[in-house]
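K.L.:
This is the structure, below, for whatever I ask next.
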Amino acid sequence: MCMRFVILSILLLCESIAFAQNRSFDSLSTLIQHHDVNDTVKVNLLVDLGTLYLWRDYYQALQQADQALQISRALNYNKGIAAASNVKSFCYWALGDNDLAIQIALESEKIAEKENKPILVAECYLNLSRAYLDLGEKAKSKDYVKRAGEILLKTESWIHISSFYNWMGVLATVDRNTAAALTSYKRALQVASQHSIPKINFPRIISNIGECYLKTNRDTAFVCFDNALRLSQETGNKTAESSISSIMGLAVFKEGDYKKAEEYFTRALQLGHELGLRRTLRSAYAGMMQLREQQGKPAEAMEYMKRYYAERDSLSNTSKSRQIVELESKYKLEKKEQEILILEQEKQIETIWRNILIVGVALIIGLSFFTYRLLLSRARRTAEHLELQQRLNENLRQADRLKTSFFNNVSHELRTPLTLILAPIEHVLEKEIEPDNREDLQLARRNANRMLELVNQLLDISRAESGNMPLLVMQGNLKLFLMEIAGSFELLAAQWKIDFVKRIMLDEGPHWFDHDKVEKIIMNILVNAFKFTPSDGHITLLVSSDNDSVSIAVTDSGPGIPESEQTHIFSPFYQMKQHRHHQHEGTGLGLSLVKELVNVCKGSITVQSKAGAGSTFTVVLPVGNDSFGDKQQVKDIDYHLEVSLGDKFSSAGKQNSARSLVITRLLEEKDLN
């Protein structure tokens, strides 16, 4: 009876078309277009439209949510802030940025609790459950979904109750409890059917039911898949269509229908690229890899495997990194030898001059002759010296170009083979293995990531020293930018029991600065501060402005730096004697990179420290438009827009990902020690 109910419900749903749903999109868009007043009514319309876009286009959903958030903040409308933030949190989870999704959901939950909006609080809990499950924290995920259920089951918000049951089914599926998963999915479908929930919400539930039946009742499973796919196409639910296409591709592949499998995988990849759906892309790439292997096309299978692991974005290689370090040392040694040669030649010239003058005084009669010969000799030697110096300079430039080219080539050539090396490690870690083996593999992965950081730092230092690092200055809100960076360390400070104080005394701008370089400068200084500050210590970030410059000071209560070593800390690979056996062993490149980046930004860096009394690093940077010329490629870009949308449209997403990777590594190292 249950199976007949499921099939009958699905068939009745799929007889409906998406006219009403499309009309909702059109009517909401029309209402917003004709509503000229920025009030709470417009906020609610924008949130509703953003919610509908969650099933069609996450970037459009983000755009509506950002507009609603901007108006809500201007009106101090906290309910609108929480609702729009929930839409953004869901989008960032769907697009694979779980850390940002969690951050936004936690902020939204505080506001919703304060405003006594239980349904909004439950939405936050569901978003947190989704993100924590992706991060592998199953216990936290289950705790948050339990909290959401305790709230929602006391309400009549049927669309949220249906979503809750559907997510309970996902968690049961992860636990491999198919019976419990099927029960939850059926409840989700029953609630949605009985309470006229918009049809755009149905495809994922129906597809999930089909997956439960796939092993036990193929016919029922394919009825679910076919109707879920058709319903997603009718309602314009592209995110569900992409996921279902990938699932159906794998299902028909296992039955030997390779032609249909390729059609489904191709559609999934098309939608995955269009919507930025990383989970779908990974699944479809894996399916195409298996398909090409089965078809006897190993080259194409290998290409899809590369694309699959490229999505995982892992990179490292110990031996190649060692070659880079050796090349850097060899280059600097050759540079020193050339400088010594020039100094020796200059010393020889000075010796000849002194001897000639002595002879000239003793032999006054032959002064004219010797003077003539001396001048001629000097001119000849000077010409030779200039020619030699020009050759040496050209050799230095050529060596620098070769070094930079080598670094860049190594960086590109390492990615694919290293990804393939790390892939088996990742694959094994996903399985149930012995604890000792897991610790060994995690150690290998962690050190691989450290080598990746080393490669990146070496490349940055190389570009900076060779003058090949352009200064890309953009107009933006430096206060907001620094607050975002500092906020990334809140979790780290809490877990390490460090009192992290932030005093950013800046106006709203505008300021002119290179976002990428300033972020690397601040991140490296803060990372050093957290590395060497013990638990129950304190770190202070103090930012102030003076005319067209900004002073950024980071003070910690760590072991301090002896005065005798302060002149060496900005040298590459230098590590203080007292820190060489510290629990957070580093590479000695961080402060060297900071120094080079500060120079590129036309700023200065100083350190004040005493052994046992902590350290203060102070960076002074120009932020006025007049401080930079046309060669700095000055661009007028509003950083507010970058903060809200940039993570998915620009390099900010990579920066956030790199920032999260650094902090995660610090947490792992702390756990190990």
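K.L.:
Based on this model, can you work out whether residue 138 counts as surrounded by fewer than 24 Cβ atoms within 10 Å (Cβ to Cβ), under 28 Å from residue 429 (Cα atoms) and more than 22 Å from the chain's Cα centre (by Cα)? Step through it out loud before you land on a result.
P.N.:
Working: surrounded by fewer than 24 Cβ atoms within 10 Å (Cβ to Cβ): yes; under 28 Å from residue 429 (Cα atoms): yes; more than 22 Å from the chain's Cα centre (by Cα): yes.
So residue 138 fits the description; yes.
K.L.:
Can you tell me how many residues in the range 468-511 are over 18 Å from residue 530 (Cβ atoms) and under 23 Å from the mean Cα position of the chain (by Cα)?
P.N.:
13
K.L.:
Can you name every residue in the range 272-290 that is buried (at least 23 other Cβ atoms within 10 Å of the Cβ) and of a type outside the set (Gly, Ala, Ser)?
P.N.:
Hits for the range 272-290 are 277, 280, 281, 285, 288.
K.L.:
Another question, then. Report yes if residue 518 is touching a Ser or Thr at 6+ places or on another chain (Cβ under 8 Å), of a type in the set (Val, Ile, Thr) and in contact (Cβ under 8 Å) with a residue 40 or more places away in the chain, otherwise no. Give the steps one after another, and end with the answer.
P.N.:
Details: touching a Ser or Thr at 6+ places or on another chain (Cβ under 8 Å): no; of a type in the set (Val, Ile, Thr): yes; in contact (Cβ under 8 Å) with a residue 40 or more places away in the chain: yes.
When the stated conditions are applied, residue 518 does not pass them.
K.L.:
Okay, moving on. With in the same structural domain as residue 444 (by TED's automatic domain parsing), at pLDDT below 65 and part of a helix (DSSP H, G or I) as the only criterion, which of 328, 346, 337 stands out? Full working, then the answer.
P.N.:
On the way: 346 fails: at pLDDT below 65; 337 fails: at pLDDT below 65.
None of the others qualify; the one that does is 328.
K.L.:
Take residue 204 and tell me if it is outside any helix (DSSP H, G or I) and either under 28 Å from residue 143 (Cβ atoms) or among the acidic types (Asp, Glu) (or both). Spell out how you get there, then give the answer.
P.N.:
Working: outside any helix (DSSP H, G or I): no; either under 28 Å from residue 143 (Cβ atoms) or among the acidic types (Asp, Glu) (or both): yes.
It is false that residue 204 is outside any helix (DSSP H, G or I) and either under 28 Å from residue 143 (Cβ atoms) or among the acidic types (Asp, Glu) (or both).
K.L.:
Among the listed residues 508, 565, 490, which satisfies the condition of being closer than 30 Å to residue 626 by Cβ and out of contact with any strand residue (DSSP E or B) (no Cβ under 6 Å at 6 or more places or on another chain)? Steps first, answer last, please.
P.N.:
Details: 565 fails: closer than 30 Å to residue 626 by Cβ; 490 fails: closer than 30 Å to residue 626 by Cβ.
The conditions single out 508.
K.L.:
Filter the range 552-594 down to the residues that are touching a Leu at 6+ places or on another chain (Cβ under 7 Å) and at pLDDT below 70 and list them by number.
P.N.:
587
K.L.:
Of the conditions (1) in contact with a Leu (Cβ under 7 Å, 6 or more places away or on another chain); (2) buried (at least 21 other Cβ atoms within 10 Å of the Cβ); (3) free of Cβ contacts under 8 Å to residues at least 40 places away in the same chain, residue 132 fails just one. Which one is it?
P.N.:
(1)
K.L.:
Okay, moving on. Taking the conditions exactly as written (out of contact with any helix residue (DSSP H, G or I) (no Cβ under 6 Å at 6 or more places or on another chain) and part of a strand (DSSP E or B)), does residue 564 satisfy them or not? Working first, answer last.
P.N.:
Details: out of contact with any helix residue (DSSP H, G or I) (no Cβ under 6 Å at 6 or more places or on another chain): yes; part of a strand (DSSP E or B): no.
No, not satisfied.
K.L.:
Next question, about the same structure. Tell me, please, whether a residue that is within 20 Å of residue 133 (Cβ to Cβ), aliphatic (A, V, I, L, M) and in contact (Cβ under 8 Å) with a residue 40 or more places away in the chain can be found in the range 181-204.
P.N.:
Checked the range 181-204: no residue is within 20 Å of residue 133 (Cβ to Cβ), aliphatic (A, V, I, L, M) and in contact (Cβ under 8 Å) with a residue 40 or more places away in the chain.
K.L.:
Let me spell it out: the conditions are (1) crowded, with 21+ Cβ neighbours inside 10 Å; (2) of a type in the set (A, V, I, L, M); (3) in a strand (DSSP E or B), and residue 518 meets all of them except one. Which number is the exception?
P.N.:
Unmet condition: (3).
K.L.:
Could you count how many residues in the range 34-60 are at pLDDT below 90, farther than 17 Å from residue 120 by Cα and within 35 Å of the chain's Cα centre (by Cα)?
P.N.:
7
K.L.:
Of the residues in the range 179-210, how many are farther than 21 Å from residue 226 by Cβ and of a type in the set (Ser, Thr, Tyr)?
P.N.:
Adding up the residues that qualify gives 3.
K.L.:
Among the numbered criteria (1) touching a Cys at 6+ places or on another chain (Cβ under 8 Å); (2) under 21 Å from residue 241 (Cβ atoms); (3) at pLDDT 90 or above, which single criterion is violated by residue 90?
P.N.:
(1)
K.L.:
Checking residue 541 against (1) within 13 Å of residue 493 (Cβ to Cβ); (2) in a loop (DSSP other than H, G, I, E, B); (3) not basic (Lys, Arg), which single condition isn't satisfied?
P.N.:
(2)
K.L.:
Give me the pairs: first residue in the range 588-606 and outside the structural domain of residue 531 (by TED's automatic domain parsing), second residue of a type in the set (Asp, Glu), beta-carbon distance under 8 Å, and six or more apart or on different chains, which are they?
P.N.:
From residues that are outside the structural domain of residue 531 (by TED's automatic domain parsing), there are no pairs.
K.L.:
Please verify whether residue 430 is at pLDDT below 75, more than 24 Å from residue 590 (Cβ to Cβ) and of a type in the set (Asp, Glu), treating the condition exactly as stated. If you could, list the steps in order and put the result at the bottom.
P.N.:
Numbers: at pLDDT below 75: no; more than 24 Å from residue 590 (Cβ to Cβ): yes; of a type in the set (Asp, Glu): yes.
Answer is no for this residue.
K.L.:
Looking only at the range 392-420, which residues are surrounded by 11 or more Cβ atoms within 10 Å (Cβ to Cβ) and modelled with pLDDT of 70 or more? Step through it out loud before you land on a result.
P.N.:
Just the residues of the range 392-420 that are surrounded by 11 or more Cβ atoms within 10 Å (Cβ to Cβ), to begin with: 392-393, 395-397, 399-404, 406-408, 410-411, 413-420.
392, 393, 395, 396, 397 - these are the residues of the range 392-420 that are surrounded by 11 or more Cβ atoms within 10 Å (Cβ to Cβ) and modelled with pLDDT of 70 or more.
K.L.:
Also: Where the second residue is among the polar types (S, T, N, Q) and not in a helix (DSSP H, G or I) and the first is surrounded by fewer than 24 Cβ atoms within 10 Å (Cβ to Cβ) and lies in the range 101-124, which pairs have Cβ atoms under 8 Å and are six or more apart or on separate chains?
P.N.:
Qualifying pairs under 8 Å: 118/155; 119/155; 119/157.
Matching residues to (1) surrounded by 17 or more Cβ atoms within 10 Å (Cβ to Cβ); (2) in contact with a Phe, Trp or Tyr (Cβ under 9 Å, 6 or more places away or on another chain); (3) assigned by TED's automatic domain parsing to the domain that holds residue 597; (4) at pLDDT below 90:
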| residue | (1), (2), (3), (4) |
| --- | --- |
| 457 | yes, no, no, yes |
| 469 | yes, no, no, yes |
| 481 | yes, yes, yes, no |
| 495 | no, no, yes, no |
| 498 | yes, yes, yes, no |
| 501 | no, no, yes, no |
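K.L.:
So which of 241, 211, 255 ends up being more than 23 Å from residue 130 (Cα to Cα) and either charged (D, E, K, R) or modelled with pLDDT of 85 or more (or both)?
P.N.:
Details: 241 fails: more than 23 Å from residue 130 (Cα to Cα); 211 fails: more than 23 Å from residue 130 (Cα to Cα).
That would be 255, the only listed residue that is more than 23 Å from residue 130 (Cα to Cα) and either charged (D, E, K, R) or modelled with pLDDT of 85 or more (or both).
The values are calculated or read from the model by the stated rules, or taken from the named source; none is laboratory data. The shown structure was predicted, so the numbers you read here are calculated from the model rather than taken from an experiment. Quick reminder, even Gly has a Cβ in these numbers, built from the backbone with ideal geometry, and neighbours come from all protein chains shown.
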